[in-house]
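The values are calculated or read from the model by the stated rules, or taken from the named source; none is laboratory data. This one's a predicted model, so the numbers in the text were calculated from it and none came from an experiment. Cβ atoms come from the backbone with ideal geometry, glycine included; neighbour counts cover every protein chain shown. In case anyone asks, the SASA skips ligands and DNA or RNA and just uses the protein heavy atoms, side chains included. Shrake-Rupley method; radii C 1.70, N 1.55, O 1.52, S 1.80 Å.
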Amino acid sequence: MSAPAGIINGTNDRPHKPNPVFENSPTFQMACRQLEMVAEHMDLDRGVLERLSKPKRAMVVSIPIIMDNDGRTESFIGYRVQHSLTSGPSKGGLRFHPSVDLGEVAALAMWMSWKCGIMNLPFGGAKGGIACDPASLTHGELERLTRRFTEEVLSIIGPRMDVMAPDLGTDEQTMAWIYDTYSMHVGYACPEIVTGKPVELGGCLGRREATGRGVVYCVQEALNELNIKLGEATAVVQGFGNVGNAVCVELAQRGVRVIGISDRYGAIRNQRGIDVAALTKHVNSGKLIRDFPEAEAIPGDDLLKIPCTILVPAALERVITQKNASQIRCRILAEAANGPTTPEADAILADSDIFIIPDVICNAGGVTVSYFEWVQDIQQFFWSEDHVNRALEELMLKAFRKVRAKAREQHLSMRIAALLLCVQKIATEKLRRGLFP
């Protein structure tokens, strides 16, 4: 089911007007449908709703680079989308993945706005991406790709305009290249242009693990509410990248038995518990998860169906759908990925006893510590990792409890309650600022 035409096309009650830029993206339709659903629960000005339903700015660039193997020139397509600049500079990751397209990036930028709103951060949402397979590119090709992309989007980025961070397929080194390229352009070191960069270049201690830690803080709170002890819980984690790995490590340290893990190449299962440290060493040595000798290899599609206490989708969006939602067998669904559950799946899960921690709060730890990093870079005053983690836990629990209270007060799902709070915040700011001219 697609999003209401009024949202996607900005027509409200007017006849349908095609919007070929975003209309064909199921991910963007999903984001718009969520916005329309939350608008039904609040007195939202239709003009503000129209403004929130589309990105403020989107840029598509061609990125030509010289390939190392044969010296040919190959062009990649890159995107940077800024959903909102109302609350402050836009903030969001840069992903390298073959499936990246404009609609996906626009949806992710919208979700970033909601995330910043629920955490009360002085940012709007943004997202970027390059359609490529980083695993097939050399180190030199990745550097040239990153630097050329930065050069192409220079006119719309800046520490008070748009601040990038790592995402799927990118890392600290990617951010270091962006930092250096931008600094060469302005003529001085400008570490606040990106977050998630190496600590040696002004990065924040604890930033790499921040998203995963934030997920686990929320999971702990949900377990407490359900009267489930950490030592009695089991977990299944889809994705073993930066976020998924951190979730596994943090859960294992707290006594949770991690019984299933996957990556893009396959999945493994061990009911007695997977040795996360040994698996991390195995993967870091260049081996595949599915070849880990201390667990059973299973089809990737079966992972989400494993009975467990905590299910953590920490990979791509739209992985829990109408087709598999009825087969989910967990007590807590912690959305570490962006948009992992479709609205159709949400409707099915609503009839179950699954406690859903929605993505806009569950994975907000990354942007929260990115905010800490940005502040430290501007002030040139750096915090200890313990300070960072304590501040992160305080803000995550405050946001979780605020959403839970709203859900109980108005008898809403956690997702609708979270979206209601963040959309209301941004809508109020837009009304206060007005519409220029």
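Some points to look at:
- Selection status of Val199, touching a strand residue (DSSP E or B) at 6+ places or on another chain (Cβ under 8 Å) and modelled with pLDDT of 95 or more: no
- Residue in the stretch 172-180 that is crowded, with 22+ Cβ neighbours inside 10 Å and under 19 Å from the mean Cα position of the chain (by Cα) present: yes
- Yes/no for Ser370 being touching a residue at least 24 places away in the same chain (Cβ under 8 Å) and open to solvent by 50 Å² or more (accessible area, probe 1.4 Å): no
- Counting the residues of the stretch 304-341 that are crowded, with 24+ Cβ neighbours inside 10 Å and either among the polar types (S, T, N, Q) or part of a helix (DSSP H, G or I) (or both) gives 3.
- For the stretch 291-317, the set of residues classified as at pLDDT below 95 and in contact with a strand residue (DSSP E or B) (Cβ under 6 Å, 6 or more places away or on another chain) consists of Gly300, Ala315, listed by residue number.
- Checklist (1) in a strand (DSSP E or B); (2) more than 14 Å from Phe76 (Cα to Cα) applied to Ile130, failing item: (2)
- Single residue of the stretch 37-68 satisfying the filter (modelled with pLDDT of 95 or more and among the small types (Gly, Ala, Ser)) that is nearest to Thr150 (Cα to Cα): Ser62
- Filtered by the rule that a residue be at pLDDT 95 or above and open to solvent by 30 Å² or more (accessible area, probe 1.4 Å), the stretch 245-277 gives Asn245, Val249, Ala252, Gln253, Arg254, Gly255, Arg257, Arg269, Gln271, Arg272, Asp275, Ala277.
- Looking only at residues in the stretch 158-171 that are open to solvent by 10 Å² or more (accessible area, probe 1.4 Å) and closer than 20 Å to Val100 by Cα, the one that is modelled with the lowest pLDDT is Leu168.
- Residues of the stretch 108-127 that are part of a helix (DSSP H, G or I), touching a strand residue (DSSP E or B) at 6+ places or on another chain (Cβ under 8 Å) and not polar (S, T, N, Q): Leu108, Ala109, Met110, Trp111, Met112, Trp114, Lys115, Cys116.
- Applying the condition of being polar (S, T, N, Q) and in contact with a strand residue (DSSP E or B) (Cβ under 8 Å, 6 or more places away or on another chain) to the stretch 31-89 and asking which residue is most open to solvent (accessible area, probe 1.4 Å) yields Thr73.
- Test: residue in the stretch 402-410 that is closer than 28 Å to Glu192 by Cα and within 24 Å of the chain's Cα centre (by Cα): no
- Filtered residues of the stretch 181-210 (kept if in a helix (DSSP H, G or I) and surrounded by 20 or more Cβ atoms within 10 Å (Cβ to Cβ)): Tyr182, Pro191, Glu192, Ile193, Arg207, Arg208, Glu209, Ala210
- Only one of Ala295, Ala347 that is of a type outside the set (D, E, K, R) and either touching a residue at least 12 places away in the same chain (Cβ under 8 Å) or under 17 Å from Val247 (Cβ atoms) (or both): Ala295
- Residue within the stretch 350-357 that is within 17 Å of the chain's Cα centre (by Cα), farther than 25 Å from Cys204 by Cβ and either surrounded by fewer than 23 Cβ atoms within 10 Å (Cβ to Cβ) or aliphatic (A, V, I, L, M) (or both) present: yes
- Matching option when the condition is touching a Pro at 6+ places or on another chain (Cβ under 7 Å), of a type in the set (Gly, Ala, Ser) and within 15 Å of Val423 (Cα to Cα), among Ser75, Ser87: Ser87
- Cβ-Cβ under 9 Å pairs, at least 6 apart or on other chains, the stretch 152-177 side over 18 Å from Ala109 (Cα atoms), far side open to solvent by 40 Å² or more (accessible area, probe 1.4 Å) and among the polar types (S, T, N, Q): Glu152/Ser62; Asp171/Asn242
- Residue count for the stretch 106-123, restricted to those that are more than 14 Å from Gly88 (Cα to Cα) and either of a type in the set (Phe, Trp, Tyr) or free of Cβ contacts under 8 Å to residues at least 40 places away in the same chain (or both): 1
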